[in-house]
1. Which is at negative phi, more than 14 Å from the ligand (Cβ to nearest atom) and assigned to a loop (DSSP other than H, G, I, E, B), of PRO398, PRO324, PRO392, PRO351?
2. Please identify the pairs in which a residue from the stretch 10-31 that is acidic (Asp, Glu) has its Cβ atom under 8 Å from the Cβ atom of a residue that is outside any strand (DSSP E or B), counting only partners at least 6 apart or on another chain.
3. Scanning for something of a type in the set (Ser, Thr, Tyr) and either at positive phi or not in a loop (DSSP other than H, G, I, E, B) (or both), does the stretch 192-212 turn up at least one residue?
4. Considering the stretch 361-385 alone, what residues qualify as being of a type in the set (Ser, Thr, Tyr) and in contact with a helix residue (DSSP H, G or I) (Cβ under 7 Å, 6 or more places away or on another chain)?
5. Are any residues in the stretch 184-206 touching a residue at least 24 places away in the same chain (Cβ under 8 Å) and more than 24 Å from the chain's Cα centre (by Cα), and if so, which ones?
6. Yes or no: the stretch 199-219 includes at least one residue that is within 14 Å of the ligand (Cβ to nearest atom) and crowded, with 18+ Cβ neighbours inside 10 Å.
7. State the number of residues belonging to the stretch 253-274 that are in contact with a strand residue (DSSP E or B) (Cβ under 9 Å, 6 or more places away or on another chain) and charged (D, E, K, R).
Amino acid sequence: MCYAIPALVEEVRGNVAVISYFGERKTAFNELIALAPGDYVYAQGGYVISKVRSDEALASLDTWKDLFFELQDVDARRAAAGAGSPGNDRRLSSILEKAGQGEIPQKYDAQYLLSLTDPKARESFYGTANLLRQRYHKNSCCVHGIIELSNHCVRSCVYCGISRETPVTRYRMSREEVLAAAAEAVEVYGFKSLVLQSGEGAYPVEELAFLVEEIRRRYPCLIFVSFGEVGLEGLEALYRAGARGLLMRFETSNPKLYAAIHGGSALDTRLAHLRRAHELGYLILTGSLIGVPGQTREDLYNDIVLAGELHAEMFSFGPFLPHPNTPLAGHGACREEEVLGVLALSRLMAPRNAKILVTTAFETLSARAREEGLLAGANSLMLNVTPLKYRPLYSLYPHRAHEQESVREQIDGTIAMLKGLGRGPTDLGV
Ligand code: 5AD
């Protein structure tokens, strides 16, 4: 977002650019821009987004140069101090020691971690996840902006506050409104990646493709699409239009539970979308709902395994929060520790590859979600850049965090929080 650091192009090999941040080398795909060594670019999610004028890049690098290393240092010290001792639980000590050496916990050990109740034991579990995050991803925290285009939806998912059965005032942003929201996010606030989301079937795929193409043409950014099941051809059309990421949760890896909460529709259809998207070259953002009625600890373990098998570039696991106008209204929300457990276990199971998101749903469940999540293995956030007047209508669950906060307020709050933790609001995990 606004605090992205310009990268220096060191080498160009066909459509791959070797870039560096203060000497740290990464690679990024370059699909669009004529580049030469010595140029400066913004990159996001492994893609070159735009060229940056040298004077602008040098000025930005000058403000970053000390802060960059200071933040890394604060983060490294906090991570090293925070792992704590698991006390005299020998099984836990052994699991965490092996995880610290990069060994992936097996099923029963993983479920044991999810079942921990002792606060000290949990702290050492979260601390180990945080150490792995710091070791493999340093202090970068990627921050995407999300625009919620429309709350129209053809689905009747029993947990969802904008399902077609739920009484809510519907809206559908016009082309002009979507483009204006994207312009503001990219040009005013400096977001480098945007998630475009809507209920399923809210727009014809051709219209979505038009929007993706037009945003990319006018406002350089990495676009993630999240429009539900658009069909395999729809995925191709959106990729051709320039979308490079797909945000689509599979919601649960348990096919029976999936059918029960999705009006009988099949998990396989959803997985086919995710698999095809990966083949097409999309970055995959996926995960499940934590705490839906009927879900077991084994299901959660399987969910994390499935996210890995689907090549998730980012894990998106968030708590189920009951919505009063849905069939699941009477059920309890999930507990904060369950969410932290899934985030930390995700980090232990995918230490190197995955970005792990602190979801808005988790922020709604707990005021300390961001700090706690980021200290339990997570390294990613989303800010809501939907026009304020529509946000209350995108009521997936009640009282969403940041619903009334302007984009500026969200950015300022996020940057202050990240700096306190020693994190850079950047996307350097390329
Ligand atoms: N609680 C938490 N998350 C929800 N979502 C939908 N309804 C709820 C709810 N009641 C999530 C789904 C979907 C995403 C857009 O919102 O997981 O993938």
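1. Among PRO398, PRO324, PRO392, PRO351, only PRO351 is at negative phi, more than 14 Å from the ligand (Cβ to nearest atom) and assigned to a loop (DSSP other than H, G, I, E, B).
2. Listed pairs, sorted by first residue: GLU10/PRO37; GLU11/PRO37; GLU24/LEU428; GLU31/ASN15.
3. The answer is yes, given that some residue of the stretch 192-212 is of a type in the set (Ser, Thr, Tyr) and either at positive phi or not in a loop (DSSP other than H, G, I, E, B) (or both).
4. Matches in the stretch 361-385: SER366 only.
5. Correct list: GLU206 only.
6. So far as the stretch 199-219 goes, yes, one or more of its residues are within 14 Å of the ligand (Cβ to nearest atom) and crowded, with 18+ Cβ neighbours inside 10 Å.
7. Matching residues across the stretch 253-274 total 1.
Conditions (1) under 19 Å from the mean Cα position of the chain (by Cα); (2) surrounded by 21 or more Cβ atoms within 10 Å (Cβ to Cβ); (3) modelled with pLDDT of 95 or more; (4) of a type outside the set (Gly, Ala, Ser), marked per residue:
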{"residue": "ASP303", "(1), (2), (3), (4)": "yes, yes, yes, yes"}
{"residue": "GLY308", "(1), (2), (3), (4)": "yes, no, yes, no"}
{"residue": "ALA312", "(1), (2), (3), (4)": "yes, yes, yes, no"}
{"residue": "PHE317", "(1), (2), (3), (4)": "yes, yes, yes, yes"}
{"residue": "HIS323", "(1), (2), (3), (4)": "no, yes, yes, yes"}
{"residue": "PRO327", "(1), (2), (3), (4)": "no, no, yes, yes"}
{"residue": "CYS334", "(1), (2), (3), (4)": "no, yes, no, yes"}
{"residue": "GLU337", "(1), (2), (3), (4)": "no, no, yes, yes"}
{"residue": "LEU340", "(1), (2), (3), (4)": "yes, yes, yes, yes"}
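The values are calculated or read from the model by the stated rules, or taken from the named source; none is laboratory data. This one's a predicted model, so the numbers in the text were calculated from it and none came from an experiment. So basically every Cβ, Gly included, is an ideal-geometry build from the backbone, and we count neighbours across all protein chains shown.
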